[in-house]
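Structure record follows, encoded as structure tokens.
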Amino acid sequence: MAPGRGSRKKPAAERRPAVPERSAAAARRRGYQRRSKWQPIGLRVAVVAGLVVGVLLLANAAGLLRPSAGVVMPDLGRGHVPEGSAITYDSVPPTSGSHYAAKVAPWGSYTARIEDPVVVHNLEHGGIAIAYDGIDEATVKQLDGLLTTFPRSRYGNRVKLVIHPDDRLAAGEIVLTAWARMDRLAGYDEARIRAFYEAHLDRCCESVP
């Protein structure tokens, strides 16, 4: 006897058993666990990235990321002492330390070396010193020309440069100093001098002309 219509086999899709609700819940839990596993890593990456950005911003504000910002020197403090006091510095020329309380060199170019405690006071006022030895007259004139072409201080509208010879340096050497910064040049390099000047102008330590 031929099978009746009621005995016809159901399609495979109709015979597939339903997925229990607990299996679906387990799948959702596994998905949540996978997401939770990566969340702490993402948080740590975000924190580290934020710290890196913060450090870079601070370094840039301090001038450390600018070209030719110079070598960081030890900060020997800002003690003020009477003129004529004996002072020991840790570099030639010095970049920080005790200095004469009441003596500052007017910004400009000089034909004789300025005393270290005076130059250091200029650095404390946010200026830059350029010392040199054994360069020709044409190069001296190039240095002097910076007094009219470099950016002016926001305090007093002056180019805050002190330019002077220093026979303690090597012949032909030009040394740039700012507070706790130094850059030694083997010869005249206006781009490098400008970069140093712009990086450190008015960045230490007293807001004065």
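I'd like the GluC sites (Glu not before Pro) in segment 170-209 restricted to DSSP loop residues with at most 14 other Cβ atoms within 10 Å, sorted by number.
When the GluC sites (Glu not before Pro) of segment 170-209 are filtered for loop state and at most 14 Cβ neighbours within 10 Å, Glu206 remain.
Could you please state, rounded to a whole Å, how far the C-alpha centre of segment 125-147 is from the C-alpha centre of segment 71-111?
18
Using DSSP to define loop residues, name the chymotrypsin sites (Phe, Trp or Tyr not before Pro) in segment 68-129 whose beta-carbon has at most 14 other beta-carbon atoms within 10 Å. List each step's numbers first, then the result.
On the way: sites: Tyr89, Tyr100, Trp107, Tyr110; in loops: Tyr89, Trp107, Tyr110.
Passing both the DSSP loop test and the Cβ count: Tyr110.
Give me the distance between the Cα centres of segment 177-209 and segment 159-176, rounded to whole Å.
12
Calculate how many DSSP beta bridges within segment 129-209 are antiparallel, expressed in % of all such bridges and rounded to the nearest 5.
On the way: 9 of 13 bridges.
The answer is about 70 percent antiparallel.
Size of segment 69-119 along its principal axes in angstrom, Cα-based, largest extent first?
Between the extreme Cα coordinates on each principal axis of segment 69-119 lie 26, 25, 15 Å.
Karplus couplings for segment 193-209 from phi (6.51 cos²θ - 1.76 cosθ + 1.60, θ = phi - 60°), rounded to Hz, Gly and Pro as x?
5, 5, 4, 5, 4, 5, 5, 10, 4, 6, 9, 8, 10, 10, 7, 9, x
Which far-off residues, 5 or more places away or on another chain, put their amide H under 5 Å from the one on Ser109, with H placed in the peptide plane?
So Ser109 has HN proximity to Ile163.
Calculate, in nm to one decimal, what Ala102 and Arg203 gain on full extension: separation in residues at 0.36 nm each, minus their alpha carbon distance. All intermediate terms of the calculation are to be shown ahead of the outcome.
Working: separation 101, 0.36 × 101 = 36.36 nm, distance 2.08 nm.
So the extension gain works out to 34.3 nm.
Tell me, what ³J(HN,Hα) does each residue in segment 92-104 have, in order and in whole Hz, if you take phi through Karplus 6.51 cos²θ - 1.76 cosθ + 1.60 with θ = phi - 60° and put x for Gly and Pro?
So the Karplus estimates, Gly and Pro as x, are 10, x, x, 10, 6, x, 4, 7, 5, 6, 10, 9, 9 Hz.
Any read-out appearing in this document is the output of simple, stated calculations on the displayed coordinates, not a laboratory observation. Quick caveat, the model's predicted, so the values are computed rather than measured. Don't worry about glycine lacking a Cβ; one is built from the backbone with ideal geometry, like all the others, and counts go over all protein chains shown.
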